[in-house]
Structures are given as structure tokens and as C-alpha cells.
1. Once the Cβ-Cβ distance between SER41 and GLN143 is put in as r, and R0 is 41 Å, what FRET efficiency do you end up with, to the nearest 0.05?
2. For region 2-76, go through all pairs of different Cα atoms, get the mean of 1/r, take its inverse, and jot down that Kirkwood value in Å.
3. Taking the Cα centre as origin and putting +1 on Lys and Arg beta-carbons and -1 on Asp and Glu beta-carbons, what dipole magnitude results for region 2-76, to the nearest 20 debye?
4. What distance in nm separates the simple spin-label points at LEU32 and TYR11, each placed 7 Å from Cα in the Cβ direction?
5. Mind giving me the nanometre distance, one decimal, between the label points for SER132 and GLU64, set 7 Å out from Cα along Cα→Cβ?
6. Could you give me the ³J(HN,Hα) list for region 145-154, computed from phi with Karplus coefficients 6.51, -1.76, 1.60 and θ = phi - 60°, whole Hz, x at Gly and Pro?
7. May I ask you to sort SER59, SER132, SER54 by Cβ crowding, counting other Cβ atoms within 10 Å and putting the fewest first?
Amino acid sequence: MLKLEDIHASYGRIEALRGMTLEIGSGEIVCLIGSNGAGKSTTLMTISGVLKPSGGRISFAGKEVHALPPHKIVAMGLSQVPEGRRIFPKLTVMENLDMGAFLKVRSRESEVGSRDGALPRFQNNQLEYIFSLFPVLKERRKQPGGTLSGGEQQMLAIGRALMSRPKLYDPDIKKAYLGE
């Protein structure tokens with residue numbers, strides 16, 4: 001599903017990744033473990049397209065992604081939960097979750113050609129799924145994200161990433177929640 005081949009990435013003249021190779025298959029759980037400065041965050045930022053590799057190839061679901069901008073990578077189904085509870089603190093829980101579905105809603109609007117204010121069916125289904133995982137988010141959906149506890153903010157960050165229906169987390173999410 002995700003394949004990194006001989007990835008090199010740098011911050012200026014400092015090479016942070018030297019020949020990183022990694023393969024994650026469908027249904028696998030993989031952890032990156034290492035000390036500070038080992039390249040864990042750099043690896044994730046490179047996979048997400050935030051940092052462009054200076055060498056090597058990254059493919060996701062059989063398509064090369066190393067040259068794509070981050071929004072195109074997210075649209076393909078690869079999402080990242082940022083460390084440190086990086087949510088939008090002034091936006092409500094619902095607004096934060098809506099931000100996670102932004103690309104999906106926008107692509108559906110262009111397919112259908114209208115926006116009538118109603119949540120698309122896929123978004124409602126995904127929201128129900130997230131609320132089943134994190135019931136406290138449903139209870140606090142009108143509350144600003146910055147007023148949540150630290151653990152609740154992390155739940156919100158995870159929920160926001162799941163709103164884009166990432167394939168890397170759950171390859172069967174389309175079938176399970178949309179009946180497709």
C-alpha cells in the first residue's frame with residue numbers, strides 16, 4: 001500500500017534521511033521508533049508531501065506520490081494525525097471535523113455541481129463513525145477545540161484525519177460505512 005524506496009530528504013544542507021526504505025502492506029500496523037533526530041517526523045512529512053525528497057521514490061496504492069503536493073496526497077487517501085494536538089483551537093469541534101472532510105466535500109461538489117448546505121451522505125456516515133469512536137466529541141461538537149482537554153484535543157486531531165476517509169488506516173472504510 002505504501003512504499004518508500006531509497007528516500008533522501010534534507011533541511012538545507014543537513015540530510016535528515018539517507019536511503020530510507022519502508023514498505024507497509026494493507027492491514028499492517030507499523031511503528032517508527034527512534035530517538036530525537038532519528039528522522040521519524042521527517043519521514044512522515046516526506047510521505048505527506050510537506051517535505052520533498054531529494055532522491056528516491058514514494059508510492060501509495062500503486063501510484064507515485066513523491067512529487068505531489070500535500071492536498072493531492074490527502075485526496076488519494078493518505079492522512080496524518082499531527083503530533084502535539086495541532087487542531088484549530090478557535091474553531092468548534094464540528095468545524096475542525098469539517099476541515100478534515102474539506103477535500104472530499106469539494107470533490108463531491110464538483111461532481112454533483114451544487115452545495116445545498118446538507119452534509120453529503122459519506123460525510124454523515126463518517127461523522128457517525130468518529131462519534132462512535134469518540135462520544136465526547138459529539139457531546140462537545142459546538143465547543144471550541146482549544147477548550148477541550150489535552151486528550152480530547154488528540155481525539156479531535158485523530159477524528160479530523162479520519163474525516164478524509166484515509167485508505168492507509170482502514171482500506172475497507174468505503175465498504176463498511178457507505179455500503180459500497
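Bear in mind these aren't lab numbers, they're just calculated from the coordinates by the rules spelled out. Keep in mind it's a predicted model, so treat the numbers as computed, not measured. Cβ sites come from the backbone with ideal geometry, for glycine too, and all protein chains shown count toward neighbours.
1. Given R0 = 41 Å and the Cβ-Cβ separation, E is 0.90.
2. For region 2-76, inverting the mean 1/r across all distinct Cα pairs yields 12.6 Å.
3. Around 220 debye, computed over region 2-76.
4. 1.3 nm
5. Calculated label separation equals 4.0 nm.
6. Running phi through 6.51 cos²θ - 1.76 cosθ + 1.60 with θ = phi - 60° gives x, x, 8, 6, 5, x, x, 5, 5, 5 Hz.
7. Numbers: SER59 15, SER132 9, SER54 12.
Arranged by neighbour count, lowest to highest, SER59, SER132, SER54 become SER132, SER54, SER59.
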